[in-house]
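Asks: Dumping the structure here so I can ask a few things about it.
Derivation of every value follows stated rules applied to the coordinates shown; laboratory data play no part. Note that the structure is a prediction, hence the values are computed from the model and not measured. Please note: Cβ atoms are built from the backbone with ideal geometry, for glycine as well, and neighbour counts cover all protein chains shown.
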Amino acid sequence: MELNRRNFIKFLVGGVVGIQATPLPWKITDDAAIWTQNWPWVPDPAEGAFSEAESVCTLCPGGCGISVRKVEDRAIKIEGRTDYPINPGGICPVGAGGLQLLYDETLRFTGPMKRVGMRGKGEFVPISWDEAFKVLGDRLSGLRRKGSPEQVAAIDGNQRQTTMSVLIERFMQAVGSPNHVRTPSIEDTYRMGNFLMQGTESTMAYDLENADYVLSFGCGLLEGWGAPGRVMNAWGLWHEGHPEKRSATITQVESRASNTASKADYWIPPRPGTEGALALGLAHVIIQEGLCDDGFLKEHTFGFEDWNSFSGRVHTGFKTMVLKQYSPQRVAKITGVEQKSIVSLARHFAKAKAPVAIYGKGKDGQNGSLYEFMAVHSLNALVGGINRAGGVLVPEALPLRSLPPVNPDAIASRGLSRARLDKAGTPAYPFAHSLINNFADAIKSASTSPIDTLLVFSANPAFTVPDGGDFQEALKRIPFVVSFSPYRDETANMADLVLPDSTYLEKREDVVWPVGLQYPFYALSNPVLSPIYDTRNTGDVLMELANAMGETVGSAFPWEDYEEVVKIRAKGLFEAGGGRMTYDPALPVWEQTKEKTAKPGYNDFDELWDNLLAGGFWYRPGNANRGWDDLFTTPTGRFEFFSKKIADRIESASNQSSTETVLKQMGITVGEDEACMPHYEAVVSETDRAQYPLQMMPYEMINLASGWVPSPPFLYKTIFDHQLLKDESFAAINPVTAAEYRLRDGDRVAVQSPAGQVTVRINLFEGAMPGIVYLPLGFGHTGYDEFIKGKGINPNSIVSAGADPLSGEPVWWNTPVRLIKV
């Protein structure tokens, strides 16, 4: 390729050594200079001294450290911090473009607003904060006076355990509504799976940097999974030196040749939705060939062998089930992966010194399959890779201090006693905490909306929920919608009232243990400048709203402001002892995992707090080989291949119905013993596959935001012409599939599902599995500004999602579709 302005390719190095082979190109086109002249946020800083402000990026759950360069009070550049343990020097494209989300007043709400036009049109007029508090406070108080506090619902897109999420949950308890609903994420799958197999609802702690074999089931390692800066740094470590002397082997299990799959050492493409069967096929080989860690299985697990209950009943164990049902021959038929590849992969994984099997679905913004996760995690147990360096660590919980419990009044108590609208926690979904698809279905199917007022925090469910547009339809039926978004997103445009949050560069916000990180971590963002518009930290807004509603609700929020609540919770870090607040790049955290103690990096709490206020962080290395006493908090005190918690729920529900009925209600198609262990559940669809013979699979990209935060507009100039051309996005299909439909590269087609249709152009891609239609997530916005809206289509709008067995979460990766040339 000739190196000129049009074809110049710059590889994103992420501030790490060895990432030069990264597949993350930035494309700069000839019209970029003209295009940028139309930006409303072109920096025009005053002359003055340069300064640097240290903070933390919260645009995704990765929590990377950032350094913001300023001229006087104008921020002009964002870079990765080199003094930060998660992403030493690295930053992803979205994080680097964060200034465009700060200064674009056509993208943001500049103050409180109320709707004056039709819903969805985004037509608002400014109001004062006092008026906004009165409107919302009166409405919520009115519902409480009617004895209907459960008609208030909250959609919460904040990460669990963050102070903002804790305050939202507390507010809902004080008001008296059980309908606190979270947006889906891979964290939900991790927490449920860990609860069932290890006993604690914790996130996964993958010790990637110390692994010598990484078996990734669907994690978009180069697409933004986990903390992007950390993973790109790890990728560089894995690929240091001569190819024959690399520190780790990477195998990517994924149906599409993504950037990760293309750059991995090995790529294994199973049919979408069959990854759990593949994991169990690997387990079969490992068990059959005696490649297990027998010591770990004997001393620290339950349910591997057949076992007898107290009643004398013989229960099938994991070993028997796997050997009987998941032979490589059978698994090859299910997955489409060759039998010899299954055997070879199992041997390489089990014979590595420090192998780890990791699970995900692209980035972190969508849930996975619970049984599929359990199947993958069982591989770590088989090779003794739990609580071992280079495997899956089991750190102690992050020691944040709990807030005092809410003391609900009589109205709130009655409301909290009523059933959740989404049915989470019921016998059908016993381990789910929140099910947003069920929430939307309940509103759509009712004669009148059971929700009167919906509060939406850090979320854009009208765009991100994979439900074929059901949530948008539900929004239309809710009488009053309130958005706290700083951005003019699709959900906010359907709101009746907007109380805009400040952006992450203008407020204080905590980061709680980024996804996949192997050690406890806490950080606090530092407002690098004062709010440039009339916006407020939603934590402060929520507390002021509670106090405006009267003493009974306001008494649950006795603090002066949001920052005081953060400070109270941070005292738990000091009280726990240990923990560090500085980072030396010469001594990476992953080299400290075997330390038994971590000396405190502070003398008293005031010093700890001052460090956090300056954009600091707290972490505790040394979590490998914790010791086995109380490591697992399952009913048996061991890692459970056979989950006693699932068995208990089935038995409890069977007192009211037959076991077969209970299993069917949970969406489980196998017998009772098998239901308590990792197993493969084929996706059951009522759709006529003769009418919809293909399958649609969304995919994500590192340089395009696909969650509730918008993409910085300039990133659209990094998208290739086979992904987005002008306003049309592309479906990637295999040439074999194209030939069956007589399609050529660039042809326009309608992708039709039972939920609807979208029109795209065709991109012939050898890395696409035949029979699968791949659509990129992040396009298709109707909100935000003129540089984002109207470009491409949103695959979520045609998802026809079933429910994942046991968890109840949406099966968004198995939508049946057909192609019609237009």
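Asks: Under unit Cβ charges (Lys, Arg +1; Asp, Glu -1), what dipole magnitude, rounded to 20 debye, does the chain have relative to its Cα centre?
Replies: 1520 debye
Asks: Given that just one value was derived from the coordinates, which of [x] 0.96; [y] 1.13; [z] 0.91 is Cα Rg over 2.2 N^0.38 Å?
Replies: [z]
Asks: I need the phi-derived Karplus couplings for the stretch 602-619: 6.51 cos²θ - 1.76 cosθ + 1.60, θ = phi - 60°, integer Hz, Gly and Pro marked x.
Replies: For the stretch 602-619, the Karplus-derived couplings read 7, 9, 8, 5, 4, 5, 4, 5, 4, 5, 5, 4, 8, x, x, 8, 9, 8 Hz, x marking Gly and Pro.
Asks: Where a Cα-Cα gap under 13 Å defines reach, which aspartates and glutamates qualify for Lys821, not counting those fewer than 8 residues away within the same chain?
Replies: The qualifying aspartates and glutamates are Glu740, Asp745, Asp747.
Asks: Per DSSP H run of n ≥ 4, the term is -39500 (n - 2.57); total these for the chain, divide by its residue number, and report the mean residue ellipticity at 222 nm rounded to 500 deg cm²/dmol.
Replies: -8000 deg cm²/dmol
Asks: Report, for the chain, the % of DSSP beta bridges that are antiparallel, rounded to 5.
Replies: Roughly 55 percent of the beta bridges in the chain run antiparallel, per DSSP.
Asks: Glu254's amide H: which non-local residues (gap 5+, or another chain) put their own amide H closer than 5 Å, with H modeled 1.01 Å from N in plane and none for Pro or chain starts?
Replies: The answer is Ile268.
Asks: In the chain, if the dipole is taken from +1 on Lys/Arg beta carbons and -1 on Asp/Glu beta carbons about the Cα centre, which of Val662, Gly193, Gln161 is farthest to the positive end?
Replies: Going by the charge dipole, the pick is Val662.
Asks: Among the aspartates and glutamates, select those whose C-alpha is under 19 Å from the C-alpha of Lys146, and discard any that sit fewer than 8 residues away in the same chain.
Replies: Straight-line reach from Lys146, under 19 Å: Asp138, Asp409, Asp452, Glu551.
Asks: What residues have an amide H closer than 5 Å to that of Ile76, excluding those fewer than 5 places away on the same chain, when H is modeled at 1.01 Å from N in the peptide plane?
Replies: Arg69, Lys70, Val71
Asks: Here's another thing I want to ask about it. Among the listed pairs Lys423/Lys664; Lys263/Lys363; Lys114/Lys476; Lys507/Lys791, which have their C-alpha atoms separated by more than 19 angstrom in this model?
Replies: Those over the limit are Lys507/Lys791.
Asks: To make sure I understand the rule: partners must be aspartates and glutamates, Cα under 18 Å from the Cα of Lys333, and not fewer than 8 residues away in the same chain. Which ones qualify?
Replies: Filter leaves Glu254, Glu275, Glu372, Glu681.
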